[in-house]
């Protein structure tokens, strides 16, 4: 079972060293989706394997393993497989491949003896990984490989993958009073809720904290025609029409064509979901299952967001991040996000910030102007103190606080 020339006691003793050895696993026999499972995943986690560039039939995954004896097998297109050309045995999980990981670079007899020069048939390539730490530098090749793998993941997974195991979705009737709607958002601790027009039998929009911000600014303006008392009877539908007449931003997900709500179906790929969010400049899109002929209304399944897609990606790659070197780099090494510009970069997008002593009115105006979901709150030395988000505004629904405040006289922290 063990390769000749290997001291088993030396391998077993090495387990206690606490080091992790980067180890490459290869499946060279093709397939559509290939996963790796082994004793190092407790036989529960399926680690996705990715295609090797230029070799469409070869899949690989890199894991960091403790020195010692490991067992593993492959899950290829829904079928359990093992590599007959690698060491294998009959174990508790059927026929499994075996692997010995050592710290000694000279102990490479665990590689396939039939094809010593064929790197694609190796379980472990220690020569590649002796300098692994120095090769994990963010370069164009790493970013390109990362982009390809993420693109493949987004293209082959659907919106169904975003649905939680359990949870709740809340829909608001468009004829509900605005005041009651925001109380529901606050009490249920949800940032947004889709709007259902029962007369049309379809979803027509999404009520969000940005709507609440616009209503607060309307209430605080001297020329406002909307009083706090009118919010008791002013419906969401009436507010929507008034907002369109004032040419305010379409923050309730109405298409410019006004044909129907921006939404996605459960079978749409995550790539299409992300494009829908980015291209339409919205924070969320409802995942809606169209009704059958026997059903009157569509089914709301979930609210998709970029953060939800990111969580899905992290869950998928959480045990194989070493196969994506770019994920091991510092945030500052990749051109992502918005940064405070240096002198030589003054033409770049400026990071929007708030001072702790600024008014709630300034915070709301900044959120609208910058078209962002949150703004960092900093002190006089630009040190981070807190953040103010659009969703914080719904806390003013508690005890009708919005009816008694003046936005210019209330601080940011009083509005949280």
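Structure above, values below:
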{"quantity": "Whole-Å distance, taken between Cα centres, linking the stretch 153-169 and the stretch 44-97", "calculated": "26"}
{"quantity": "Tail fraction, Cα-Cα pairs, the stretch 135-218, threshold 19 Å, whole percent", "calculated": "60"}
{"quantity": "Mean shadow area of the stretch 174-224 over all directions, Cα convex hull, nm²", "calculated": "4.0"}
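Laboratory data are not the source of any read-out in this text; all were calculated from the coordinates shown. This structure is a prediction, so every number in the text was calculated from the model and none was measured.
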